[in-house]
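Please treat every number below as a calculation from the coordinates, not as lab data. Since we're looking at a predicted model, the values are computed, not measured. Note that we place each Cβ from the backbone using ideal geometry, even for glycine, and neighbour counts take in every protein chain shown.
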Amino acid sequence: MADEPLVLGIETSCDETGIGIVRGHTLLANTIASSMDEHARFGGVVPEVASRAHLEAMTPTVEAALAEAGLRFSDIDAIAVTAGPGLAGALLVGVAAAKSYALGLGVPLYGVNHLAAHVAVDQLEHGPLPRPCIAMLVSGGHSSLLLVPDVAEDVISLGSTVDDAAGEAFDKVARVLGLPFPGGPHIDRAAREGSGEAIAFPRGKLDDGTLDFSFSGLKTAVARWVEAREASGEAVHVPDVAASFQEAVVDVLTRKALQACRKYEVHDLLIGGGVAANSRLRALAQERCEAAGVRLRVPRPGLCTDNGAMVAALGSDLVAAGITPSTLEIPADSSLPITTVHV
Amino acid sequence: MLVLAFDTATPAVTAALHDGERVLAESTTIDARRHGELLAPTIERVLAESGASLRDVTAVVAGSGPGPYTGLRVGLMTAQGLSTTLGVPSYGVCTLDGVAFGSGLSEPFLVATDARRKEVFWGRYADMRTRVEGPFVNRPAEVPVEGLPVVGAGAALYPEILGNRSDVSPYPSAGALAALAAERLAKGTPLDPPRPIYLRRPDAVVPGAPKRVTA
């Protein structure tokens, strides 16, 4: 609707400089500059490299997003920004940009939670969120199960990883297998040529009665298995290892997500975050949700990975809910808890 | 002319407005860990104190460092953001030049600021307006002091090596930065874009082979 506010969202919690523009829940622009190529040779995101890249990329990325949406900066009604969690120095570039835009335009500022934004983004593709829904967020930095009565105001943590994030396990196993960083897409591709049942890797915390995850033991088990084969001079069939590792991850993720749905009697599951782009996770989640009578929502891959549209989407919800805007004194909080949707 | 200037490259978060003739308002807080929280409210404060509106600002100037990177980026990002939204030019002025201008010295001297890791950022000046060497990053003992006075927090930190001009403020003042920028703008001297002066590469090591988990 034309009278809904235009919200510009800024995301800089890791290596992507993301700018999104929405009107209500209509996506008008989603522009991303990534510094991933600069990190790849280090085998992981280097915080200072990411922070420098955000400062370089911010102004051109904002200008590109405004051009894509056919808007002038003065058309924007509100600014939303990821205030946390994430890399402190990286977050701070986005927060400083957001404050300067809000100050310069004289419009309200909304500092938002990165994880809640990953939930809110699905509304841009699939419409209003069922209340409540269960959300599973899986990425290189997070693995969380959430009960979401209202994404603008009420998000409850049900469980999270006790050690490595799911995406982190993909990166580490990729290294063991000699695949490039980031590992997720490479393992996904290699796994298509292999069998997920070839090797029985452990499923951490599968039936421990919690909704927490653990992927550190799995990563070590894969490394042991590979080293044992190498020590005995046997060839390692990378596609089988990749597929069996991936199967162990997505088996645990989907089972725990459906356990959460059962426990809280919720019939809608949303999966977000970069690992939600994994083809096997999407397929197995679909299969198991159908069997359990749970409706599954997964945003398209471009909205699952970090982006500015998700921040704008949540900002739009906050405006619609009449939430008091943030002050210009808000900090970037690298460990912002998920229970704090906005600051 | 109305120049809005600020600097976040040292523990001082400082902002000022200058109308081409004098500083209309200036506000400074020393807090090495809260640049991101303090800068925007400090800008609002100097605007309120001078009775000016952001719409009246004709140029935005940020100290471009060198200085600890996390804080430094807050000032430069803010300058770019205000420039984009207000439709006015933004510039970066070397933070050491701001300290030098604030010293008021007319004879040769050095500026040295804290670069952490037991190093200083430094530059050599012929007078308060003229940098003749630097900026560089070095250990204090490597700085060619050669009997010249040294101003800035680096001097206060390493007085045995760098001497200490305690009569000069160790931190940059946005008022001095704004006055220097206003003078350069009035003369038509070209100013740099608001880009950071880092002087060091990011700490990052290309990893070797993965660590083995079995013996």
query: Under a GNM of chain B (C-alpha, springs under 10 Å), which listed residue has the highest mean-square fluctuation: B:G71, B:G175, B:G188?
result: B:G188
- prompt: How far is helix A:238-263 tilted off the main Cα axis of chain A, in degrees rounded to 10, range 0 to 90?
  reply: 60 degrees
statement: Whole-Å distance linking the alpha carbon centroid of region A:280-334 with that of region A:123-154 is 5 Å
- prompt: Counting pairs of alpha carbon atoms under 8 Å apart in space and at least six apart in sequence, what relative contact order in percent does chain A give?
  reply: 26 percent
- prompt: To the nearest 0.05, how large is the calculated FRET efficiency for B:S166 and A:V236 if R₀ is 56 Å and r is the Cβ-Cβ distance?
  reply: 0.25
field: Listed residue (B:S83, B:L54, A:V275) projecting farthest to the positive dipole end of the protein assembly as shown, Cβ model
entry: A:V275
message: Using only the Cα atoms of region B:1-80, what are the Rg and Dmax in Å?
response: 11.7, 33
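Loop-only GluC sites (Glu not before Pro) in region B:1-77, please: DSSP not H, G, I, E or B, and at most 12 other Cβ atoms within 10 Å.
Details: sites: B:E21, B:E26, B:E37, B:E44, B:E49; in loops: B:E21.
Loop-located and lightly packed - B:E21.
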task: Note the angle between two axes, namely the Cα long axis of helix B:174-187 and the longest principal axis of the Cα atoms of chain B, as a number of degrees from 0 to 90, rounded to the nearest 10.
output: 70 degrees
query: GluC sites (Glu not before Pro) within region A:208-308: which are DSSP loop residues with at most 12 other Cβ atoms inside 10 Å?
result: A:E234, A:E265
query: List the trypsin sites (Lys or Arg not before Pro) in region B:31-123 that DSSP assigns to loop (not H, G, I, E or B) and whose Cβ has at most 15 other Cβ atoms within 10 Å. Which are they?
result: B:R33, B:R34, B:R116, B:R117, B:K118
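If you add up the charges near A:L28, with Lys and Arg at +1 and Asp and Glu at -1, over every other residue whose beta carbon is less than 12 angstrom from its beta carbon, what do you get? Provide the component values of the computation, followed by the final result.
Details: positive: A:R23; negative: A:E4, A:E68, A:D75.
That works out to -2.
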task: Along Cα→Cβ, 7 Å out, is where each label goes; now give me the distance between the ones at B:R212 and A:E287 in nm to one decimal.
output: 3.7 nm
field: Distance from region B:41-110 to region A:227-274 (C-alpha centre basis), Å
entry: 51 Å
field: Cα-based helix-to-principal-axis angle, A:279-292 vs chain A, degrees rounded to 10
entry: 90 degrees
Whole-angstrom gap from region A:184-214 to region B:196-215, using each part's C-alpha centre: 28 Å
task: Tell me the Kirkwood hydrodynamic radius of the protein assembly as shown in angstroms, computed as one over the mean inverse distance between distinct C-alpha pairs.
output: 25.2 Å
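How large is the convex hull of the C-alpha atoms of chain B per residue, in Å³? Mind showing how you got there, number by number?
On the way: hull volume 33.5 nm³, N = 215.
About 156 Å³ per residue, rounded to a whole number.
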Lysine-lysine proximity count for the protein assembly as shown, Cα under 20 Å, sequence distance 8 or more or distinct chains: 8
task: Sort largest first and round to whole Å: the equivalent ellipsoid semi-axes of region A:133-298, each the square root of five times a Cα gyration tensor eigenvalue.
output: 29, 15, 14
